[in-house]
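Report on the following structure.
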Amino acid sequence: MKLFEHGVYLVNGTELIEEGNAAADAIFGKTGAHITKEEAAKHTIAYGILKEHNTSGSMDALQIKFDKLTSHDITFVGIIQTARASGLEKFPIPYVLTNCHNSLCAVGGTINEDDHMYGLTCAKKYGGVYVPPHQAVIHQYAREMLAGGGKMILGSDSHTRYGALGTMAMGEGGPELVKQLLGQTYDIRMPEVVGVYLKGEPVKGVGPQDIALAIIGEVFANGYVKNKVMEFVGPGVSGLSVDFRIGIDVMTTETTCLSSIWRTDARVQEFFETHGRSEDYKELNPGQTAYYDGMIEVDLGKIRPMIAMPFHPSNTYTIEELNANLTDILEDCEKRAQVSFDGAVKPDFKSKIRNGRLYVDQGIIAGCAGGGFENICDAADILKGASIGPDEFTLSVYPASMPIYMELVKNGAAASLMQTGAILKTAFCGPCFGAGDTPANNAFSIRHSTRNFPNREGSKVQNGQVASVALMDARSIAATAANKGYLTAATDIDANFTKPNYFFDSQIYANRVFDSKGKADPDVEIQFGPNIKDWPTMSPLPQHMLLKVVAEIHDPVTTTDELIPSGETSSYRSNPLGLAEFTLSRKDPAYVGRAKEIQKAQKAIEEDRCPCEAVPELKPVMDQIKERYEDVNRKTIGIGSTIFAVKPGDGSAREQAASCQKVLGGWANIANEYATKRYRSNLINWGMLPLLTEAGELPFANGDYIFLPNIRTEVEEKAEEIEAYVIKDGAFHACRLWMGELTDDERSIILKGCLINYNRCQEAVQ
């Protein structure tokens, strides 16, 4: 694999010429026409799709309107509640509500099914589509029923990626979907486009997860594609089945890219025909000469079976390399774990070595990445006639949709898997985020799913539990299962891959999915449950702000799973205050108590009481502030909390990673950088300042107070830097903070206090 240092011209879809290379000057002779770099940049597939969906009139500052929206059952309640609070009357574009996360209805009594009934009645009232539990995971339904060539889809799940079908899709926090529901736009600067040039073809036994992990391992740490669009081109695309392309594409989220798009061909056309939607196919190719801001060249034939060791998809090795250096790599993983767990628990990876080989406790093939038809059929072929054995090792397989499941039953693959001792389960995302198949303490699980962050599999550090997940392709998981739990690469198994044809039967959906066909029925009463709560009132940005640092995280990257854990907590995402109790619970259990304590001061201000009476420790701090700033009083100051993290926001699009801090009185985050655009957008949409500070030794610590005088004026006047002081030891210490670029609408949202307030003000003006 090669990462080009400079921009690259792709000529005729097959020739790469790096900018700055002498050969680049010859490009004009090769194309027979004079073309500038700026013009060639308009010839990418991504540019064309973005241009068609941009409403701003400027390709530098995009204002995108999407064709369709999609959400699942731990995001759609909050989204619709927010939109309803802002005046929603009808879904203006197709909006699909799937139920694939809280499907089991196993936690919290009635609350999960209450959310489902809320979704069904909202689909009827506002004119949407409702996909019942166990029918399909969100992204498989979108592939089968929503995607279309040249279209754009916005989803409230980070793995919203349908580029292999010619659809540019993005995963964002719920507020961005709210904007679309209210006729507003998705505002971004024109992103850079990085080409992924595929050549050759995979060797037998190598699957899409292997290719994906190899790419993630190369580009995550260096940020090569961060917030950029990955565009898959080159002759190697044609040799891949559509299922294979989808399996690579969905994992592009783990590179931290903004979106993805692939060139399309006859195989993609056949996919749409198979699914009864031939009219949604569109041939997409880059122009004769297209310029890319970067290029990743991948020789598919050189990729070998991969494994992403705990606790990140970028912690990659070939399985061969792992087996050859088992003790050293496992020791390294144990050291990495100490950074994540602060010594609270100690995974013992080396205890998994048996007879010189790595023994794993569990295999999972599931979800939007692993549950595809081709992955499961190949796994069944590898396991045909084998046994997974009667010991610790278990294997569970989750087809990504009921149409896939039915076809596996018809062609015998399901029976082959069941005969080995494997368990087939319904379409469910639970294993990916800790709501299903949580392993035993200190167990090691291998999964063809999307993520392997700390505790994402469901264990709880605060209870002394730890389990670990490594990501692998379904084929190597099956090979490991055939060897009864001993880690094995699929290339070491001589399997006969039958490659059966796929036949899609839409009757399942016709019989069970509610589709309003875009027709709203305002007479429908929305069905609420006792756990579905409105958002609490949120104050506008004050003139001055006093922040108390209530959490300090120095991990290289902080995931949204650590900011607000997944698993059973997902059942409380319809209850803002109830969910907030879990904030940082697996990373800093004292956070909630600290945040609530300082929040008492803001509540006192809102009740026109003295904040120092509510929080006595504030008095000396406020006295110092008033000595220097005479206009500071309870009508001009806001008091709340902030957290520091080196690089927060990797992973899920969940808005609750920000909103939970907000409802606990959070006014800001402070970071050296934000891991993803979507997390920073979530902060802004919940009225929180996305503050930045220089890397290195911090001028503040947990428990310190930071004063931001005239912060409201600085936001209004687009100040490049924020005046800030750490008040400590009876003195003011200057602290350098800034926010980076903000659109005018983003500034307005922060000033109003959150997106809900912003939209209410817009409605009042109209």
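Read-outs: derived from the displayed coordinates by stated rules, not from any lab. This one's a predicted model, so the numbers in the text were calculated from it and none came from an experiment. Cβ coordinates were reconstructed from backbone atoms using ideal geometry, including for glycine residues, and neighbour counts include every protein chain displayed.
How many percent of DSSP beta bridges within the chain run antiparallel, rounded to 5?
Close to 40 percent.
What does the highest-first list of 335-342, 47-54 look like by mean Cβ count within 10 Å?
Top to bottom by mean Cβ count within 10 Å: 47-54, 335-342.
So, in Å, what gap is there between the alpha-carbon centers of segment 188-207 and segment 116-182?
That distance is 24 Å.
Normalised by the empirical 2.2 N^0.38 Å for globular proteins, what value does the Cα Rg of segment 618-766 take?
Computed over Cα atoms of segment 618-766, the ratio equals 1.06.
Of the trypsin sites (Lys or Arg not before Pro) in segment 222-265, which ones lie in a loop per DSSP and count no more than 12 other C-beta atoms within 10 Å?
Sparse-neighbourhood loop trypsin sites (Lys or Arg not before Pro): none present.
Filter 68/517; 68/124; 384/410; 460/677 down to the pairs with a C-alpha to C-alpha distance above 21 Å, please.
From the list (68/517; 68/124; 384/410; 460/677), the Cα-Cα distance tops 21 Å for 460/677.
Within segment 503-596, report the chymotrypsin sites (Phe, Trp or Tyr not before Pro) that DSSP leaves as loop and that have at most 14 other Cβ atoms within 10 Å.
Loop-located and lightly packed - 503.
Run the reach check for residue 596 against aspartates and glutamates, Cα to Cα strictly under 13 Å, same-chain hits fewer than 8 apart removed. What comes back?
Excluding near neighbours in sequence, the set is 581.
Distances longer than 11 Å among the Cα atoms of segment 497-537: what percent of all pairs is that?
Above the 11 Å cut-off, segment 497-537 has 82 percent of its Cα pairs.
Express as a percent, rounded to the nearest 5, the fraction of DSSP beta bridges in segment 306-507 (both residues included) that run antiparallel.
For segment 306-507, the DSSP antiparallel bridge percentage is about 35.
Per DSSP H run of at least 4 residues, take -39500 (n - 2.57); add these up for the chain, divide by its residues and hand me the 222 nm value, nearest 500 deg cm²/dmol.
-9000 deg cm²/dmol
Please get the size of the charge dipole for the chain, origin at its Cα centre, with Cβ charges of +1 on Lys and Arg and -1 on Asp and Glu, quoted in debye to the nearest 20.
Details: 75 positive and 98 negative charges, 236 e Å.
The calculation lands at about 1140 debye.
What is segment 64-187 by shape, rounded, prolate or oblate, if you read a ≥ b ≥ c off the alpha carbon gyration tensor as root eigenvalues and call it rounded for a/c under 1.5, prolate for a/b larger than b/c, and oblate otherwise? Show your work: numbers first, answer last.
Working: a/c = 1.88, a/b = 1.23, b/c = 1.53.
It is oblate, given that a/c is not under 1.5 and a/b is not larger than b/c.
Among 313, 412, 663, whose Cα lies farthest out toward the positive end of the dipole of the chain, if unit charges sit on the beta carbon of Lys, Arg (+1) and Asp, Glu (-1)?
Towards the positive end, the residue furthest out is 412.
Specify the angular offset, from 0 to 90 degrees and rounded to the nearest 10, of the alpha carbon long axis of helix 76-85 from the longest principal axis of the alpha carbons in the chain.
40
With +1 on each Lys and Arg Cβ and -1 on each Asp and Glu Cβ, how big is the dipole of segment 306-507 about its Cα centre, in debye rounded to the nearest 20?
In total the dipole reaches around 340 debye.
Give the percent of DSSP beta bridges with both residues in segment 1-144 that are antiparallel, rounded to the nearest 5.
Looking only at bridges with both residues in segment 1-144, the antiparallel portion is about 45 percent.
Among 86, 130, 184, flag the residue with its Cα farthest along the positive direction of the charge dipole of segment 64-187, charges on Cβ as +1 for Lys/Arg and -1 for Asp/Glu.
184
Find the Rg to Rh ratio for segment 277-331, where Rh is the Kirkwood radius over alpha-carbon pairs and Rg uses the same atoms.
1.23
Sorted by mean Cβ packing within 10 Å, highest first, what order do the peptides 3-9, 451-457 take? Mind showing how you got there, number by number?
On the way: 3-9: 18.6, 451-457: 26.7.
Listed from highest to lowest mean packing, they are 451-457, 3-9.
Beta carbons within 10 angstrom, averaged per residue: use that to sort the peptides 633-639, 291-297, highest first.
291-297, 633-639
For residue 187, list long-range residues whose amide hydrogen, built 1.01 Å from N in the peptide plane, is under 5 Å from its own amide hydrogen.
Under 5 Å from the amide H of residue 187: 64.
Using alpha carbons only, what's the Rg to Rh ratio of segment 521-607 with Rh from Kirkwood?
Dividing the radius of gyration by the Kirkwood radius yields 1.05.
Once you order the gyration tensor axes a ≥ b ≥ c over the Cα atoms, which shape class does segment 230-316 get: rounded for a/c under 1.5, otherwise prolate or oblate by comparing a/b with b/c?
prolate
So what are the radius of gyration and Dmax for the Cα set of segment 707-766, in Å?
Over segment 707-766's Cα set, Rg and Dmax evaluate to 14.6, 50 Å.
Measure out, as a whole number of angstrom, how far apart the alpha-carbon centroids of segment 279-308 and segment 492-556 sit.
29
Of the options 599, 71, 164, report the single residue whose Cα projects farthest towards the positive end of the charge dipole of the chain (beta-carbon charges: Lys, Arg +1; Asp, Glu -1).
Positive-end residue among those listed: 71.
Which of the GluC sites (Glu not before Pro) found in segment 616-669 are in a DSSP loop and have at most 14 neighbouring Cβ atoms, other than their own, within 10 Å?
Counting only loop positions with at most 14 other Cβ atoms within 10 Å, the GluC sites (Glu not before Pro) in segment 616-669 are 617, 630.
When the scattering of the chain is computed by the Debye formula from its Cα atoms alone, each counted once and equally, what is log10 I(q)/I(0) at q = 0.05, 0.09, 0.12 Å⁻¹?
With one equal scatterer per Cα and no solvent, log10 I(q)/I(0) is -0.25, -0.82, -1.44.
Rounding to the nearest 20 debye, state how big the charge dipole of segment 64-187 is about its Cα centre with +1 on each Lys and Arg Cβ and -1 on each Asp and Glu Cβ.
Working: 10 positive and 11 negative charges, 74 e Å.
Result for segment 64-187 is approximately 360 debye, rounded to the nearest 20.
Run down the lysines and flag those whose C-alpha is under 16 Å from the C-alpha of residue 718, throwing out any fewer than 8 positions away in its chain.
752
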